[in-house]
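First up is the structure itself, then whatever we jot down about it.
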Amino acid sequence: MTAGAGEQGEPDRAFPDLDALLTGPLPATGPTVSEGDPVTGEWTGTGGEGFVIVPLLVGKPLTGVYAPEWNAAEEAAEAQLTALIGALDRRFGAHREVAMRVPLFRKIAGDPMPALFQALCDEDLLGDLTVWGPLPNGPEATARWLAVSLGQSDAEAPMILCAAVTDRPITELREDG
């Protein structure tokens, strides 16, 4: 997987981006808006009421790639996620997991869900979330929650390691509501 414009991604290289997200403004109100690069059209981020989601590392497209090369790409992406989780655990303490199974089923059924989960589903970021928080956001600011996840919209699309930051707790959705 690569960071930015083709640079190899190391977990600590994500910290400046994460710090900016954790201390930067979040949309207070309004609809969820997804943005893309004006030249390539590739997704560059999504913001909604109280949250932002951004790609941290984006792999190469896997069009025409089959096993064992596809498996190697998946293993490399998962290794990047594991390394980032380890670095974030050292920085913020132990994480917790929030499954994306219920949001996926709600997406398929067309059922409503909280805006953060809807935005993740809309971008096909369906990997389970690894979550830290509440994290302090400066001396007089509100707490923030951070989540990272690995997603891929289809077998030929690049694998995307993304981060979500919100000013609301990220909790697992229940099947019954």
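The values are calculated or read from the model by the stated rules, or taken from the named source; none is laboratory data. Keep in mind that what you see is a predicted model, and the values were worked out from it rather than measured. Cβ: placed from backbone, ideal geometry, glycine included. Neighbour counts: every protein chain shown. For accessibility, only protein heavy atoms count, side chains too; no ligands or nucleic acids. Shrake-Rupley method; radii C 1.70, N 1.55, O 1.52, S 1.80 Å.
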1.4 Å probe accessible area per residue over the stretch 105-177, in Å²:
48
Over the chain, what is the relative contact order in percent, taking alpha-carbon pairs closer than 8 angstrom and at least six residues apart?
26
Can you give the calculated 222 nm mean residue ellipticity of the chain, where each DSSP H run of n ≥ 4 adds -39,500 (n - 2.57) and the sum is split over every residue, rounded to the nearest 500 deg cm²/dmol?
-9000 deg cm²/dmol
Report the equivalent ellipsoid semi-axes for the stretch 31-177 in whole Å, largest first, defined as the square roots of five times the eigenvalues of the gyration tensor built from alpha carbon atoms.
25, 19, 16
Restricting attention to the stretch 86-177, which GluC sites (Glu not before Pro) occupy a DSSP loop and are surrounded by at most 11 other Cβ atoms within 10 Å?
140, 175
Would you work out what percent of the accessible area of the stretch 1-116, with all protein chains in place, is carbon or sulfur (probe 1.4 Å)?
58
